[in-house]
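Bear in mind that the values in this text are calculations on the coordinates, not laboratory data. Since we're looking at a predicted model, the values are computed, not measured. When we count neighbours, we look across all protein chains shown, and the Cβ atoms used for this are built from the backbone with ideal geometry, even at glycine.
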Ligand code: GRF
């Protein structure tokens, strides 16, 4: 059985983590969640981890190196980022080729100069370099017809890498960041679980 580490921060709510925990319990993902690593002690996801008896680790960048943690202390098969804020160095990415997954609230193309098409044929927004609420705000500011998120492997290119799966969410006329993000997150949970269930199978 594959083992996973999920990396979170206080930028998110831990909802993707909870969806992964649920899917493991329901045997939709055949993996063991070895550890949840957070870069701060106040990440909401830590509450989900503790409630579900998943070991947690607060990462201290002054004293620890993430690649050492993930090879020596928690030698897992896949590293799953969800709302992780810290930059993962190219050296670490090279050490874990196609082993680090991320979910990004934007539509990452298959090629670096590509554009994802929305279901209505308009151009999807990549939201490269934008994080959580700022990314969702960007869909609204640009009057996009669809929001979307992408599960991908990390690569040396920022917010880019082999795409595993994407989701789209139609934007409604009165959407706010909160209303749109709430619906998008539900789809994020589904695609992250689907991607993990495939790669762990
Ligand atoms: C997700 O929206 C993901 O796309 C982004 O960070 C957010 C984390 O949300 N990278 P949550 O903590 O899983 O609710």
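Over the chain, DSSP H runs of length four or greater, each weighted -39,500 (n - 2.57), average out per residue to a 222 nm ellipticity of -9000 deg cm²/dmol.
Once the Cα atoms are used to define both axes, helix 132-141 deviates from the longest principal axis of the chain by about 10 degrees.
Rg/Rh for segment 3-86 stands at 0.94; both radii use Cα atoms, and Rh follows the Kirkwood definition. Relative to the longest principal axis of the C-alpha atoms of the chain, give the angle of the C-alpha long axis of helix 15-25, reported between 0 and 90° and rounded to the nearest 10°. Rounded to the nearest ten degrees, it is 60. With just the Cα atoms defining each centre, how far is segment 55-117 from segment 1-27? Give it in Å. If we compute the Cα centre of each part, the gap is 14 Å.
Listed from fewest to most Cβ neighbours within 10 Å, the set 188, 182, 157, 67 follows the order 157, 182, 67, 188. The angle between the Cα long axis of helix 177-200 and the longest principal axis of the Cα atoms of the chain comes to about 50 degrees, rounded to the nearest 10.
Averaging the sequence gap over all C-alpha pairs within less than 8 Å and six or more residues apart, then dividing by the number of residues, gives the chain a relative contact order of 21 percent.
What order do you get for 152, 143 when you list them from fewest to most C-beta neighbours inside 10 Å? Final ranking by Cβ density, sparse to dense: 143, 152.
Within the listed set 90, 53, 118, the residue fluctuating most in the Gaussian network model of the chain (springs between alpha-carbon atoms under 10 angstrom) is 53. Given the C-alpha centroids of segment 30-53 and segment 146-182, what is the distance between them in whole angstrom? For segment 30-53 versus segment 146-182, the Cα centre distance is 23 Å.
Ranked for footprinting exposure by Cβ neighbours inside 10 Å, fewest first, 56, 82 give 56, 82.
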